[in-house]
Structure formats: structure tokens, C-alpha cells
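The values are calculated or read from the model by the stated rules, or taken from the named source; none is laboratory data. Keep in mind that what you see is a predicted model, and the values were worked out from it rather than measured. Here the Cβ positions follow ideal geometry from the backbone for every residue, glycine too, while neighbour counts run over all protein chains shown.
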């Protein structure tokens with residue numbers, strides 16, 4: 001029987017930038033903020049992606065030093081998922097998780113000033129006890145607002161790290177700069193030309209200058225400066 005902590009390398013998500021035939025197993029991230037396709041376990045990032053360790057034992061030694069942070073908070077859990085838009089800090093080095101043009105997760109170096117914030121997409125909102133509105137973000141975070149109309153689904157917020165204060169509200173509307181997280185244009189940037197709401201069970205669509213895609217593939221980022229998505233072949 002397979003271990004709940006591991007996943008067969010042959011069936012790991014296509015978004016993980018790892019070879020498939022070097023061994024049988026890979027670590028499976030703990031359930032948390034990101035789906036399996038949108039995040040990788042911390043031990044595999046440090047060992048296999050960044051090449052800063054050669055074994056899980058070395059990874060644990062690094063984590064126990066307290067020099068590894070995820071979104072500004074010290075992390076010692078080897079299978080903690082680090083996913084889309086997250087900031088990973090290793091000592092003095094900072095990385096942001098983005099997608100390349102093949103839809104693979106990449107951890108790109110960023111300056112310390114950019115490590116102090118991240119962009120989160122609004123996935124939905126609901127009313128809680130007391131009449132306040134809870135805004136739910138793509139990485140599992142949420143915050144409360146008094147005005148239910150202040151934020152809409154598919155908007156985005158730039159939050160500070162690690163205190164999670166909202167620095168900027170990025171409205172999803174015509175002219176908004178967006179980052180594509182799915183489809184044939186994944187990893188690209190484009191400005192919204194039109195948002196098409198379907199009056200059926202079909203997904204809503206977003207039209208850009210040269211192409212269109214479903215709204216689930218679109219992540220509003222506004223003026224946020226993300227690292228390049230270009231990678232070597």
C-alpha cells in the first residue's frame with residue numbers, strides 16, 4: 001500500500017518541473033492552501049528544484065536553522081506546499097512561485113523589496129455571523145469587510161508579508177493587466193479587453209486583444225512586478 005506521504009513520480013502533476021523516471025516516489029505536499037497542481041512540497045523545492053540539498057536529512061537540517069520562510073513566516077514543515085504567487089525565503093535569497101510558458105511551477109529570484117508583498121486573487125465571498133462579508137483568496141487566506149460590494153470575484157489584492165495587510169485593491173475590469181495561469185497562453189501577460197458573462201452553465205470568458213480564454217485562467221495583477229517566466233529549454 002502506498003504511503004499517504006508519497007506520490008508515484010509517474011503520476012505527479014505535469015506542473016512539477018521534475019524528471020519522471022529517476023525514482024519511484026516523490027513527496028506529497030500536506031493538504032493546505034494550494035491544490036496538488038498549483039504547489040510543490042518544500043523539501044522537493046529545496047532539494048530537487050533549487051539544488052541546495054542532496055537528501056531529506058539535509059533539508060531538515062536547513063529548516064531547523066529557522067532560515068526558511070514562506071510568505072514571511074518561518075517554516076519547519078518539510079511537506080508544506082509552496083504554490084502560485086507564494087514567496088519563499090532561504091536566508092538572504094528570496095523566490096516567487098510563478099508559472100512558465102509550459103505551465104510548470106518555477107521559483108524565480110526576486111529582490112528583498114518584492115518579498116514583502118504578494119498578489120492574491122479573490123475566489124469568492126460569503127456572509128458570516130454578524131452581517132460581515134468574508135473575502136476568500138486563492139491561497140486559502142480570508143479577511144473581513146463591512147461593505148459586501150467592495151470586492152468582487154476575480155478581483156485581486158496585494159497584501160503585505162507577513163502581517164497580511166491589504167496594500168492595493170486590483171479591480172478586474174477592462175484594461176486591467178492580467179497574468180495567464182492556464183490555457184495555451186499560460187505564463188503570459190495581457191490587458192483585459194472585454195469580460196463576457198455567459199447566461200448558461202458555460203464558463204465566463206475574458207477577451208484580450210489577440211485571443212480569449214475562460215475566466216479561470218486569468219489572474220489580475222495590475223501594476224505588480226512579477227519575475228520573468230522565460231526559462232531555458
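A few points about this structure:
- Index of the failed condition, residue 216 passing every other in (1) in contact with a strand residue (DSSP E or B) (Cβ under 8 Å, 6 or more places away or on another chain); (2) free of Cβ contacts under 8 Å to residues at least 60 places away in the same chain; (3) outside any loop (DSSP other than H, G, I, E, B): (1)
- Residue in segment 101-116 that is nearest to the chain's Cα centre (by Cα), counting only those that are surrounded by fewer than 19 Cβ atoms within 10 Å (Cβ to Cβ) and in a strand (DSSP E or B): 108
- Checking each residue in segment 128-161 for being in contact with a helix residue (DSSP H, G or I) (Cβ under 9 Å, 6 or more places away or on another chain) and more than 30 Å from residue 208 (Cα to Cα) picks out only 161.
- Hey, residue 206 assigned to a strand (DSSP E or B) and either in contact (Cβ under 8 Å) with a residue 24 or more places away in the chain or under 23 Å from residue 89 (Cβ atoms) (or both) or not: yes
- Boolean, residue 169 is closer than 26 Å to residue 97 by Cα and either touching a strand residue (DSSP E or B) at 6+ places or on another chain (Cβ under 6 Å) or outside any loop (DSSP other than H, G, I, E, B) (or both): yes
- Matching option when the condition is touching a residue at least 60 places away in the same chain (Cβ under 8 Å) and closer than 24 Å to residue 23 by Cβ, among 84, 105, 50: 105
- Tally, over segment 20-30, of residues that are over 12 Å from residue 77 (Cα atoms), in contact with a strand residue (DSSP E or B) (Cβ under 8 Å, 6 or more places away or on another chain) and either assigned to a loop (DSSP other than H, G, I, E, B) or modelled with pLDDT under 90 (or both): 2
- Within segment 1-19, the set of residues being in a loop (DSSP other than H, G, I, E, B) and either more than 19 Å from the chain's Cα centre (by Cα) or farther than 24 Å from residue 96 by Cα (or both) comprises 1, 2, 3, 4, 5, 19.
- Pick from segment 177-202, criterion closer than 25 Å to residue 104 by Cβ and exposed (fewer than 13 other Cβ atoms within 10 Å of the Cβ), ranking: farthest from the chain's Cα centre (by Cα): 191
- The set of residues in segment 50-92 being surrounded by fewer than 13 Cβ atoms within 10 Å (Cβ to Cβ) and part of a helix (DSSP H, G or I) consists of 57, 61, 64.
- Meets criteria (buried (at least 17 other Cβ atoms within 10 Å of the Cβ), touching a strand residue (DSSP E or B) at 6+ places or on another chain (Cβ under 9 Å) and assigned to a loop (DSSP other than H, G, I, E, B)) for residue 147: no
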